[in-house]
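Down below is the structure, laid out as structure tokens.
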Amino acid sequence: MTTARDLYPPSRMLKRAFTAGLMSTGITVIDFHEATLPELAFSVKRFGAKAGVHFSAAPFSENSIQLVFLDSMGAEISEDRLGDLLSMYESHRAVRSVPSRVGWVSYAEYIHDIYTASAAGFVDSVPISAKEPMVIVDMNNGPAYLVLPSLLSSLGVRLIAVNSGKPAPRTPARLLPHPRSLTMLADMTRASEATFAAALSVDASQVFLIDDKGRFVDPDLAVAAVASLLPQGSRLAVLDSTSRVVDMVAEKNKLTLIRVRGLVSDISRGMRRIKATLGASDAGEFVYPHFSPAPDGMLFIAKLLEMLCTSEIRLSTLVESLPEVQRFTLEHEIEEGKMSSLLEYVLSLSTEVSIAPTSVKYKAGDVWVKVEVDPPRSKVYVSAEAATRSAVEVVKKEYEKLVEFLEGFA
């Protein structure tokens, strides 16, 4: 089995405890120390491991650590399989080894070099190096700082790195980029005339974009923009929660589109059925199955540069050219101190959710409802694509539920 973690001390502590537990059952562990989730997923198949586990900060909660379990292909395991593992844990069915058969730990620091060389070979560097684009990337104090600068440098990209390196002592853990970081990236992009800016999740599995005009690109629109650059006949798999704008782009560009219910891991399984060339979610996750079955924000940055430089088009132009989808939206005032608690509450409303730095989508009946906070304006927006009258009624009902929560929040 392979293991890795982000840079926060609780992740390190729990990974070591978990590793000790694996050793006690006779399992040999390849430990990559500080490494991103994409690197771990890539390494599982590369090293012939049976599984992988990554430890990182959890979304919106400073007191939780997120564990991601990967199968032997490097894809996140299904909900059913995860349920089986939890059942085994709760029934205490783990069998301990005798001392002579305790497992061993091997340390593999070279994973960064292996991943970088492989990822660089997956990208056409010729159009990139010819343009010498500049990008700004918020590493979110995650292990991407050990990998992404080398990857982009090998492609001829000029990089401005933000929040690069280990976090300050006693800094609260955070999976997703802070809204303040997105505002800072927007200002830096306008000032530097960068090709675009990107903010990574702490495990580098998710990526969120700022276009060349300094505007945050809604994750739904990011998927649609990338889809518009795919060659005709390409096959694309997306989560069921993704906006219908992707369907409109797929129809116009003659793409084969499959919608998948569940998690990004279900996208990987859906991609195998239609032999898709790209998988994406409205949570900033992009999967390149010919490289790895797991979402990879670092590889996506490189591939987006390849597409933009090859097409000689600006990201802002792509986004502006996308068709519009009608939405029904209600707004409510909210104090900034309550925003994280509200989003954490929204996460509890459904088992089907999609998470971004300032928003959460969740399934209410047959409707995907989006709750988005806007710190500068002290607003929260509740919306859904207004395809039917029933969707409007669902938004109104969910809006009342969230207002009730805020009014009762101490």
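Residue 64's amide H: which non-local residues (gap 5+, or another chain) put their own amide H closer than 5 Å, with H modeled 1.01 Å from N in plane and none for Pro or chain starts?
When sequence neighbours closer than 5 places are left aside, the close amide H contacts are 58.
Measure of size requested: the Rg and Dmax of the chain, with Cα atoms as the atom set and Å as the unit; please supply both.
21.1, 67
What's the whole-number percent of alpha carbon pairs in the stretch 268-337 lying beyond 21 angstrom? Intermediate values should be presented prior to the final figure.
On the way: 1185 of 2415 pairs.
Considering the stretch 268-337, 49 percent of its Cα-Cα pairs are separated by more than 21 Å.
Subtracting the Cα-Cα distance from 0.36 nm times the residue separation, let me have the gained length for residue 377 to residue 248 in nm, one decimal.
Values: separation 129, 0.36 × 129 = 46.44 nm, distance 3.13 nm.
Separation in residues times 0.36 nm, less the Cα-Cα distance, equals 43.3 nm.
With unit charges on the beta carbons (Lys and Arg positive, Asp and Glu negative) and the dipole taken about the Cα centre of the chain, which residue among 26, 59, 358 sits farthest to the positive side?
Highest projection toward the positive end goes to 26.
Please work out the FRET efficiency for the pair residue 64 and residue 393, using the Cβ-Cβ distance as r and a Förster radius of 51 Å; give the result to the nearest 0.05.
Details: r = 34 Å, r/R0 = 0.67.
Rounded to the nearest 0.05, the efficiency is 0.90.
State to the nearest 20 debye the size of the charge dipole of the stretch 71-138 about its Cα centre, where the only charges are +1 on K and R beta carbons and -1 on D and E beta carbons. Kindly include the intermediate steps, with their values, before the conclusion.
Details: 5 positive and 11 negative charges, 86 e Å.
Magnitude of the dipole: close to 420 debye.
For the chain, give me the percentage of DSSP beta bridges that are antiparallel, rounded to the nearest 5 percent.
Details: 37 of 64 bridges.
Percentage antiparallel, nearest 5: 60.
Considering the chain as a Gaussian network with a 10 Å cut-off on Cα pairs, which listed residue, 54, 178, 112, attains the greatest mean-square fluctuation?
Looking only at 54, 178, 112, the biggest GNM fluctuation is shown by 178.
Take every Cα pair under 8 Å in the chain that's 6+ residues apart, average their separations, divide by the length, and report that relative contact order as a whole percent. Mind showing how you got there, number by number?
Working: 849 pairs, mean separation 55.3, N = 410.
For the chain, the relative contact order is 13 percent.
Cα to Cα, under 24 Å, and not fewer than 8 places away if on the same chain: which lysines meet these conditions relative to residue 303?
45, 131, 213, 252, 254, 275
Using the Cα centre as the reference, give the magnitude of the dipole from point charges on the C-beta atoms of the chain (Lys, Arg: +1; Asp, Glu: -1; all else neutral), rounded to the nearest 20 debye.
On the way: 43 positive and 49 negative charges, 208 e Å.
Roughly 1000 debye, rounded to the nearest 20.
Per Stokes-Einstein, at 37 °C and 0.692 mPa s, what whole-number D in µm² s⁻¹ belongs to the stretch 100-206, with the Kirkwood radius over Cα pairs as the hydrodynamic radius?
212 µm²/s
Using the beta-carbon distance between residue 17 and residue 215 and R0 = 56 Å, what value does 1/(1 + (r/R0)^6) give for FRET efficiency, to the nearest 0.05? Don't skip to the end; give the middle numbers.
Values: r = 43 Å, r/R0 = 0.77.
So the FRET efficiency works out to roughly 0.80.
Apply the membrane-span-like helix rule to the chain: whole DSSP H runs, Cα extent along the own long axis of at least 18 Å, mean Kyte-Doolittle hydropathy at least 0.0. List the helices found. Walk me through the numbers before you get to the answer.
Working: long enough: 9-24 (23 Å, -0.06); 179-192 (20 Å, -0.15); 297-311 (21 Å, 1.42); 389-408 (29 Å, -0.36).
Flagged H segments are 297-311.
Quick one: what are the phi-derived ³J(HN,Hα) couplings along the stretch 95-106, Karplus 6.51/-1.76/1.60 with θ = phi - 60°, whole Hz, x for glycine and proline?
9, 7, 8, 6, x, 6, 10, 5, x, 10, 10, 10
Order 205-216, 313-324, 136-147 from most to least packed using the mean count of other Cβ atoms within 10 Å.
Numbers: 205-216: 23.2, 313-324: 15.7, 136-147: 25.8.
The densest-packed peptide leads the list: 136-147, 205-216, 313-324.
Report the residues of the stretch 285-320 in range of a label on residue 124: point 7 Å along Cα→C-beta, backbone N strictly under 13 Å from it.
303-312
From the alpha carbon gyration tensor of the stretch 2-109, can you work out the equivalent ellipsoid semi-axes (sqrt of 5 times each eigenvalue) and give them in Å, largest to smallest? Please report the intermediate quantities before stating the final value.
Values: eigenvalues 81, 60, 47 Å².
Semi-axes, largest first: 20, 17, 15 Å.
Note down the net charge around residue 325, summing +1 for each Lys or Arg and -1 for each Asp or Glu among other residues with Cβ under 9 Å from its Cβ. Please list the in-between numbers first.
Values: positive: 244, 327; negative: 220, 324, 385.
Combined, the nearby Lys, Arg, Asp and Glu give -1.
Using the basic label-point model (7 angstrom from Cα toward the beta carbon), what is the residue 114 to residue 153 distance in nanometres?
Label at residue 114, label at residue 153, 2.2 nm between them.
Taking a cut-off of 19 Å, what percent of all Cα-Cα pairs in the stretch 292-410 are separated by more than that? Present the calculation step by step, with values, prior to reporting the outcome.
Values: 4053 of 7021 pairs.
Here the tail beyond 19 Å accounts for 58 percent of pairs.
First select every other residue whose beta carbon is under 14 angstrom from the beta carbon of residue 117; then total the charges, Lys and Arg +1, Asp and Glu -1.
Value of the local net charge: -1.
Between rounded, prolate and oblate, where does the stretch 112-320 land on the alpha carbon gyration tensor, with a ≥ b ≥ c its root eigenvalues, rounded for a/c under 1.5, else prolate if a/b exceeds b/c? Write down the numbers at each step before the final one.
Details: a/c = 1.43, a/b = 1.32, b/c = 1.08.
Rounded is the answer for the stretch 112-320, as its axis ratio a/c remains below 1.5.
Could you work out how much longer the chain between residue 72 and residue 386 gets when fully extended? Use 0.36 nm per residue separation minus the Cα distance between them, nm to one decimal. Mind showing how you got there, number by number?
On the way: separation 314, 0.36 × 314 = 113.04 nm, distance 4.10 nm.
Roughly 108.9 nm would be gained on extension.
Can you find, among 214, 394, 153, the residue sitting farthest towards the positive end of the charge dipole of the chain, where Lys and Arg contribute +1 and Asp and Glu -1 at Cβ?
The Cα lying farthest towards the positive end belongs to 153.
Every read-out reported here was derived from the displayed coordinates using simple, explicitly stated rules and does not represent laboratory data. Note that the structure is predicted; figures quoted are calculated from it, not measured. Because the Cβ atoms are built from the backbone with ideal geometry, glycine has one as well, and the counts that use them run over all protein chains shown.
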